[in-house]
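The values are calculated or read from the model by the stated rules, or taken from the named source; none is laboratory data. These figures come from a predicted structure and were not determined experimentally. Glycine gets a Cβ as well: all are built from the backbone with ideal geometry, and neighbour counts include every protein chain shown. The accessibility values were calculated without ligands, DNA or RNA, using every heavy atom of the protein model including side chains. Shrake-Rupley method; radii C 1.70, N 1.55, O 1.52, S 1.80 Å.
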Amino acid sequence: NHVENPTVKPLSKDAIPSLVSNLESAGVFAVTILGGEPFLYPHLEELVETLTRKGFDTAISTNGSVRSLEKLTLIKNNHVKLNIAIHSDEEGVHDTLVRRIGSFAKSTETVYEALKLGIPIHLSCVVTKNTAGRTSKIVEFFVKSLGVRAMTFLFPQRAEYCISNHMQIPFNVYAKAI
């Protein structure tokens, strides 16, 4: 998130071997790189290559709005899983949800480019009040228009609902579990 918040420094290139070694020592076998926007991370190539060389099941989760043949080639060559978030089958709804005009067009173009390279895509869609009644149309769009065969629908809950239904996990409990 260093792009939106310049006080947050990205993982340095020199820190990558230590991070990967720590993950390996902890018994981690799968890593997902996500945002901010992973395609903007200056050392993505080094991170991906180090993770995959060490045998980690590696995935990248992106909004797809940063189109880069170089990054897609990196994903293909290293057998990295690619998840792209598209939140509607309608451009206006998606762009409004992510608060970026043109995001839908960029994201769908990234899907087409990745599929053309033979990279399987997993799409994720956050279901909102604007899209709740459209999930079958969204699936149809993902499958027929985009050619995607794997997708996840996320149903966010309000914090008050989670608290009242005991769905939250306090950090100290979570820390003990890991």
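For the stretch 32-62, a residue qualifies if it is of a type in the set (A, V, I, L, M, F, W, C) and under 25 Å from LYS106 (Cβ atoms), and the qualifying residues are ILE33, LEU34, PHE39, LEU40, LEU44, LEU47, VAL48, ALA59, ILE60.
So for the stretch 130-146 (the condition being open to solvent by less than 80 Å² (accessible area, probe 1.4 Å) and either at pLDDT below 80 or acidic (Asp, Glu) (or both)), does at least one residue qualify? Checked the stretch 130-146: no residue is open to solvent by less than 80 Å² (accessible area, probe 1.4 Å) and either at pLDDT below 80 or acidic (Asp, Glu) (or both).
Name the residues in the stretch 127-149 that are among the polar types (S, T, N, Q) and part of a loop (DSSP other than H, G, I, E, B), would you? Within the stretch 127-149, THR128, ASN130, THR131 meet the criteria. Taking the stretch 105-126 as the range and being crowded, with 16+ Cβ neighbours inside 10 Å and part of a loop (DSSP other than H, G, I, E, B) as the test, only ILE119 passes.
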